[in-house]
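Chemist: Below is a structure I'd like to ask you about.
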Amino acid sequence: MNRRLVIPLFVATISLGGAVFPAAAATEQAWQPGIEPGAPPPVVTASNSWWTGFDEAALDTLQTCAQAPREGASTAAPADVAAAYVGLRIHSLRLRNALALREAAQDARDLLAAQPPRRDAAQPLAELDRRIAGATSSAEGFAQLRDHFADVLAQMTAGAPGDAAFALRDAVADTRWPGFHQPVPQRLPAVVLLTRADVAAAGVRGGLSGWIGPAADLPPIELPGDELSVEQTVRQAGQDVASSLRQLVDAGRNATADLQRVQARQLEVQAAQRLQAAGDASQADVLEAVQQLLAATDRLAAGQGVLALAWIRLNADVPGWWRTAETAH
């Protein structure tokens, strides 16, 4: 048997777009609010469409449909729409990946089974059977999750004018690798807190100095029984943002490591193919390299979902932070 091996396009062309995840030069200190009552307020522009950073046209359409007024229906929060969309896209990709892994493992099993019987073939056959069963089970689970998130998005956009149904179809069919096309920040200017409703409600209009770095192990604030003071409100808001930033930075670093692992597996597949062409490796060797690549790709897909959700949380915590950060430099 010499079936032509086809690596899925979405695996062979993986990249994370313009996203970069630089390592922090030093650990930021836990931020403490510096309030300067007499300081002029900085320019802060909250973005009403932060999700455009995902560079996903289908998501833009779904957000527009979900925010459209509909009789007898409340509008969905943009963060909820974005999170459901991430679930749909990531599990659609993981489903394709699981099916490709099952096919590669089945090809390897058929190749091994077609050889003359050997005593040492039992263990490799059992391992391939385990991979086939695992990939089948994973594919079924990913299909259910994909359909669940598609249903959630359909409910969020039900009855809205626009092309929600076409956007959902495009999202399921999209084989591009999703990613937030912006560098992961290692710190944020404290003025981003001015975009928060709780800080605005406390009467803070400006004068926040310093930077917010990723949280380490910040102790919880002891909240008194009465209303928070302005300083307590700002400090709590800063800790919320620091916690979200920590999750984003960690997710970005993990995504970088996962991407590097996938790139290494891609090189291994190419090397196995070259060795096979030279007669120094078998089709089974190539199939094993492909299976390792697909396993690494699934891990990358899962990590990319975590990264996207971390972006969503940060944008929910400080809407428009990127506009504020631009004006702060």
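Chemist: Before we move on, is Leu125 more than 17 Å from Arg94 (Cβ to Cβ) and within 19 Å of the chain's Cα centre (by Cα)?
Modeler: So Leu125 fails the test.
Chemist: Return only the number of the condition from (1) at pLDDT below 90; (2) in contact with a Phe, Trp or Tyr (Cβ under 6 Å, 6 or more places away or on another chain) that Gly252 does not satisfy.
Modeler: (1) is the only condition that Gly252 fails.
A quick yes/no check of all residues on (1) on the phi < 0 side of the Ramachandran plot; (2) assigned by TED's automatic domain parsing to the domain that holds Ala66; (3) under 16 Å from the mean Cα position of the chain (by Cα):
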| position | (1), (2), (3) |
| --- | --- |
| Ala160 | yes, yes, no |
| Phe166 | yes, yes, no |
| Asp174 | yes, yes, yes |
| Ala190 | yes, no, no |
| Thr195 | yes, no, no |
| Ala200 | yes, no, no |
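Chemist: Looking for something in a helix (DSSP H, G or I), among the polar types (S, T, N, Q) and crowded, with 21+ Cβ neighbours inside 10 Å - is there at least one such residue anywhere in the stretch 238-252?
Modeler: Taking every residue of the stretch 238-252 in turn, at least one turns out to be in a helix (DSSP H, G or I), among the polar types (S, T, N, Q) and crowded, with 21+ Cβ neighbours inside 10 Å.
Chemist: Conditions: (1) part of a loop (DSSP other than H, G, I, E, B); (2) modelled with pLDDT of 90 or more; (3) not hydrophobic (A, V, I, L, M, F, W, C). Gly225 meets all but one. Number of the miss?
Modeler: Against the list (1) part of a loop (DSSP other than H, G, I, E, B); (2) modelled with pLDDT of 90 or more; (3) not hydrophobic (A, V, I, L, M, F, W, C), Gly225 comes up short only on (2).
Chemist: Of Leu193, Leu208, which residue is modelled with pLDDT under 85, crowded, with 21+ Cβ neighbours inside 10 Å and touching a helix residue (DSSP H, G or I) at 6+ places or on another chain (Cβ under 6 Å)? Full working, then the answer.
Modeler: On the way: Leu193 fails: modelled with pLDDT under 85.
Matching residue, one of Leu193, Leu208: Leu208.
Chemist: Output the residues belonging to the stretch 49-80 that are of a type in the set (Ser, Thr, Tyr) and assigned to a helix (DSSP H, G or I).
Modeler: Thr52, Thr61, Thr64
Chemist: Under 7 Å between Cβ atoms, which residue pairs at least 6 apart in sequence (or on different chains) link something in the stretch 48-64 that is closer than 12 Å to Tyr85 by Cα with a partner that is of a type in the set (Val, Ile, Thr) and in a helix (DSSP H, G or I)?
Modeler: So the pair list comes out as Asp60/Thr52; Leu62/Val81; Gln63/Val81.
The values are calculated or read from the model by the stated rules, or taken from the named source; none is laboratory data. Bear in mind the structure is a predicted one, so any value in this text is a computation, not a measurement. A quick note on method: Cβ atoms are made from the backbone with ideal geometry, for glycine too, and the neighbour counts reach across all protein chains shown.
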